[in-house]
């Protein structure tokens, strides 16, 4: 059925008003010529709308982070998932098992996998333990939208039966995990965290879910995300940070980080378009890994921005992330963005041969903002003055956290790393990142036009309903121009990575986060210490605009960025740093085993 669209009378006055939004001027004689052409364009727009395009239909183009002329990694058409190498875990204390299974709640995938493989612990018992923890803590943390109990118990029994027959699928065999609820799972709702989608179901599992099933992993829960992958507020409330439950967990992979950090799953799958793995991993003290764009197929996942969406693991250790990646990477014949490049996890990789850079500007103390910007209106100046205390408090928190960033650089030097200073590109990043808004508005075009966007929980000026509406006034020409600017940004970053293999940056650092999500570079976000009791207090209200607000006794993190499709080397470097510092398997107070 054709949609009912308004039939505006196009006048020279209307053209004048539209021209202001487009940032151009049109001469009087030209306006008359435009009227007929614009009427034809409106007919074309209506014809496309009448096709009823749904979220899973991508545009007829693909983004490739690899530029012509730069070194490309070896290709492989058939990913060999049997070549899995995990480190030998330490001897585990099994005293009290199985009566004290919760003592394993914070164990790594490597450790849990070895216990299952040697049949010291059953997958069924481990699954039951995690399901109980999910139920016990969900009211407080609001990290789970749906528990997949029946599916999980059946998978766990199958994993145990396979082992009894001598079949061991992978180091993920029998490990309970959680999926961000933008991944389709047949037989269960896939809500996207959004009001109006609470009962949405799909008839096929997402590719990543299928691959983890094949690896023997056990799906126990579909985890919360901020509505349509923004922030940490969903239709059931706000997902909380286990280290400080007054605060949100940040987003949008809110439940994936919160459930992992509170020891309620072995690992999770999250997604990132512009910080959605990085931010909650920073806030909750988990290890997050955002793969190179085009390494993991997104088939069966909600589309937000086709040229920026990425799926990746959130876990307790870097090695856990690598083992998950080994199971999920590579083409599926459906997501055209995925390249057939190899991923080989090698825990013994010689990371000392890697060239490591750092961005000195990001490690400098934050500047004071005592002088207002020029040309502010009276109202804007009043708002700027009113926000002075908040800015001062944010600066104090950044100054405190800087000691951890500088200690990380010194630790790397102590490990024998020769840090090379690099300068990140100076470009209008926020303007280029408007690409995300345009693509997201297209992905949810029907939501805006049907006015079902009023069902979303958050309705502020920076929330999706208003962002989608604003993006409709973003000219197609400017979208293409921003993509051309993106090419320049990609070239600048590609040049930097001819001189280094790994880049060290604080987390979060807004500039690098925008840059590397636009260029598709991989990143590992890992815990880097716990704030002392002398840390500045967090703000009274969590506005989700700063991931470093935890306060005393909460984790800080560090980010390593790698070269395109050199993810295995990046993970090996991050793994050895993590082992050297010992910041892993941390337990937030109140959620211990």
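Since every read-out is calculated from the coordinates, none of them should be taken as a lab result. This one's a predicted model, so the numbers in the text were calculated from it and none came from an experiment. Glycine also receives a Cβ, built like all others from the backbone with ideal geometry; neighbour counts cover every protein chain displayed.
Cα convex hull, region 258-336: 88 Å³ per residue, rounded to a whole number. Convex hull volume of the C-alpha atoms in the chain, normalised per residue: 165 Å³. Rg/Rh, computed from the Cα trace of region 300-425 with Rh as the Kirkwood radius, has the value 1.10. Protection proxy ranking for 317-328, 252-263, 27-38, 341-352, using the average of other Cβ atoms within 10 Å per residue and placing the highest first: 252-263, 317-328, 341-352, 27-38. Note on residue 100 and residue 410: the model spin-label points, each 7 Å out from Cα along the C-beta direction, lie 3.8 nm apart.
For the pair residue 543 and residue 420, the difference between a 0.36 nm per residue extended length and the Cα-Cα distance amounts to 40.7 nm. Mean sequence separation of contacting Cα pairs (under 8 Å, at least six apart), scaled by the length of region 199-321, corresponds to a relative contact order of 23 percent.
Residue exposure proxy: 188, 404, ordered by other Cβ atoms within 10 angstrom of their Cβ from fewest to most, comes out as 404, 188.
Note on region 172-223: semi-axes of the ellipsoid equivalent to its C-alpha gyration tensor, largest first and rounded to whole Å, are 21, 11, 7.
Calculated FRET efficiency, residue 39 and residue 483, Cβ-Cβ r, R0 41 Å, to nearest 0.05? Rounded to the nearest 0.05, the efficiency is 0.90.
Mean projection of the Cα convex hull over all viewing directions, computed for region 384-469: 9.7 nm². Taking a point 7 Å from the Cα of residue 64 along the Cα-to-Cβ direction, the residues of region 271-303 with backbone N closer than 18 Å to it are 292-297. Using a ≥ b ≥ c from the Cα gyration tensor of region 141-183 (square roots of the eigenvalues), is it rounded, prolate or oblate, where a/c under 1.5 gives rounded and otherwise the larger of a/b and b/c decides, a/b for prolate? It is prolate, given that a/c is not under 1.5 and a/b is the larger ratio. Sorted fewest first by neighbouring Cβ atoms within 10 angstrom, 427, 129 come out as 427, 129.
Take 374-383, 413-422 and order them by the average number of nearby Cβ atoms within 10 Å per residue, most first; the result is 413-422, 374-383.
If you wrap the tightest convex hull around every Cα atom of region 102-224 and split its volume per residue, you get 96 Å³. Computed extension length for residue 587-residue 375: 71.4 nm, one decimal, from 0.36 nm per residue of separation with the Cα-Cα distance subtracted.
Modelled this way, with points 7 Å down the Cα-to-C-beta line, the labels at residue 495 and residue 26 are 3.9 nm from one another.
Put simply, when 392-403, 441-452 are sorted by average Cβ atoms within 10 angstrom per residue, most first, you get 441-452, 392-403. Going by how many other Cβ atoms sit within 10 Å of their own, how do 501, 390 line up, fewest first? By the 10 Å Cβ count, ascending: 390, 501.
Rounded if a/c is under 1.5, else prolate if a/b beats b/c, else oblate: with a ≥ b ≥ c from the C-alpha gyration tensor eigenvalues square-rooted, which is region 505-555? Oblate, because a/c is 1.5 or more while a/b does not exceed b/c. Multiplying the residue separation of residue 385 and residue 53 by 0.36 nm and subtracting their alpha-carbon distance yields 114.9 nm. Taking a ≥ b ≥ c as the square roots of the Cα gyration tensor eigenvalues, region 209-346 comes out prolate, since a/c reaches at least 1.5 and a/b is larger than b/c.
In the chain, the longest principal axis of the Cα atoms and the axis of helix 149-164 are about 40 degrees apart. With both residues required to sit in the chain, DSSP beta bridges show an antiparallel share near 70%.
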